[in-house]
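To start, the structure under review is shown below, and the notes come after it.
The values are calculated or read from the model by the stated rules, or taken from the named source; none is laboratory data. On a predicted model such as this, the values are computed, not experimentally measured, just so you know. A quick note on method: Cβ atoms are made from the backbone with ideal geometry, for glycine too, and the neighbour counts reach across all protein chains shown.
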Amino acid sequence: MSGKVVIALTKGRILDAELDVLARVDIVPEEDPRDSRKLVFGTNRPEVEVMILRGADVATYVEHGIADMGMSGKDVLLEHGGTGFYEPLDLGLGKCRIMVAGLKDEPPLPSRLKIATKFTNTAKRYYASRGIQVDIIKLYGAMELAPVTGLAHRIVDIVETGNTLKANGLVPMELITEISTRLIVNESSYKTKFEIIKSIIDSLEGAL
């Protein structure tokens, strides 16, 4: 694969939108990745391949140069905190926010908060920047239960509509950052495969 440009995409809901963006710049996999168990696909352009990965792994594959380019949510990139790649484009897909949320009828809180989240690094940085001491409790799902059951005082989580929060008696309280899907490029690949990578970036920018 070293002679080709490999683009890592995120499996799941966002994959349709990512494939659509590539199609707009005339990069189409030879098989539909949504109907296959394969993870690497040739495309209609012999110099380009696509790789389908879990969202949390895209940045790692790009950082280590296994993939030359990737499409990854900013939430994952913030959490990953890795070096070794550029972030030349905001693709504008999957827009949402990382927010602090808590109980609508919140009781008085102690000076040291317990925060439940899967975005542990993002939460730590946010509270450190505000000079607030917190204990982070890592959860992988059902975040809204944490304040309801007393596991944590507040949560840090992705908010799209806020309906799930509302249904569980929670409200969004503080915006940490806006999130969308970003194009990332391995630093070394950008130098060694500059012409083709730059042409793809320029085409994507034009298509968006």
Exercise. In region 1-59, which residues are surrounded by fewer than 19 Cβ atoms within 10 Å (Cβ to Cβ), under 15 Å from the mean Cα position of the chain (by Cα) and among the β-branched types (Val, Ile, Thr)?
Worked result: Ile14
Problem set entry | Filter result for Val156 (buried (at least 18 other Cβ atoms within 10 Å of the Cβ), farther than 30 Å from Val62 by Cβ and modelled with pLDDT of 95 or more) | no
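With respect to Val21, determine if the residue is in contact with a Lys or Arg (Cβ under 7 Å, 6 or more places away or on another chain), under 26 Å from Glu195 (Cα atoms) and either modelled with pLDDT of 95 or more or not assigned by TED's automatic domain parsing to the domain that holds Val185 (or both).
Answer is no for this residue.
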Problem set entry | Of the criteria (1) outside any helix (DSSP H, G or I); (2) closer than 26 Å to Lys198 by Cβ; (3) not aliphatic (A, V, I, L, M), which one Glu31 fails | (2)
Exercise. Which one of these does Lys191 not meet: (1) among the basic types (Lys, Arg); (2) in a strand (DSSP E or B); (3) free of Cβ contacts under 8 Å to residues at least 40 places away in the same chain?
Worked result: (2)
Exercise. What tally of residues in region 93-113 results from selecting those that are more than 26 Å from the chain's Cα centre (by Cα) and of a type in the set (D, E, K, R)?
Worked result: 4
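How many of the residues in region 1-26 are in a helix (DSSP H, G or I) and either free of Cβ contacts under 8 Å to residues at least 12 places away in the same chain or of a type in the set (Phe, Trp, Tyr) (or both)?
Residues in region 1-26 being in a helix (DSSP H, G or I) and either free of Cβ contacts under 8 Å to residues at least 12 places away in the same chain or of a type in the set (Phe, Trp, Tyr) (or both): 2 in total.
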Exercise. What pairs can you find where one residue is in region 195-206 and within 16 Å of Gly3 (Cβ to Cβ), the other is at pLDDT 95 or above and in a helix (DSSP H, G or I), and their Cβ atoms are less than 8 Å apart, with a gap of 6+ or different chains?
Worked result: Ile197/Ser189; Ile197/Tyr190
For this session: Being assigned to a strand (DSSP E or B) and β-branched (Val, Ile, Thr) narrows it down to one of Val156, Val148, so name that one.
Result: Val156
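Condition check ((1) under 15 Å from Leu89 (Cβ atoms); (2) out of contact with any Leu (no Cβ under 9 Å at 6 or more places or on another chain); (3) acidic (Asp, Glu); (4) outside the structural domain of Val100 (by TED's automatic domain parsing)) across all residues:
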| position | (1), (2), (3), (4) |
| --- | --- |
| Glu144 | no, no, yes, no |
| Pro147 | no, no, no, no |
| Ile158 | no, yes, no, no |
| Val171 | no, no, no, no |
For this session: Can you tell me which residue among Lys191, Lys166 is of a type in the set (Lys, Arg), farther than 22 Å from Asp57 by Cα and surrounded by 13 or more Cβ atoms within 10 Å (Cβ to Cβ)?
Result: Lys166
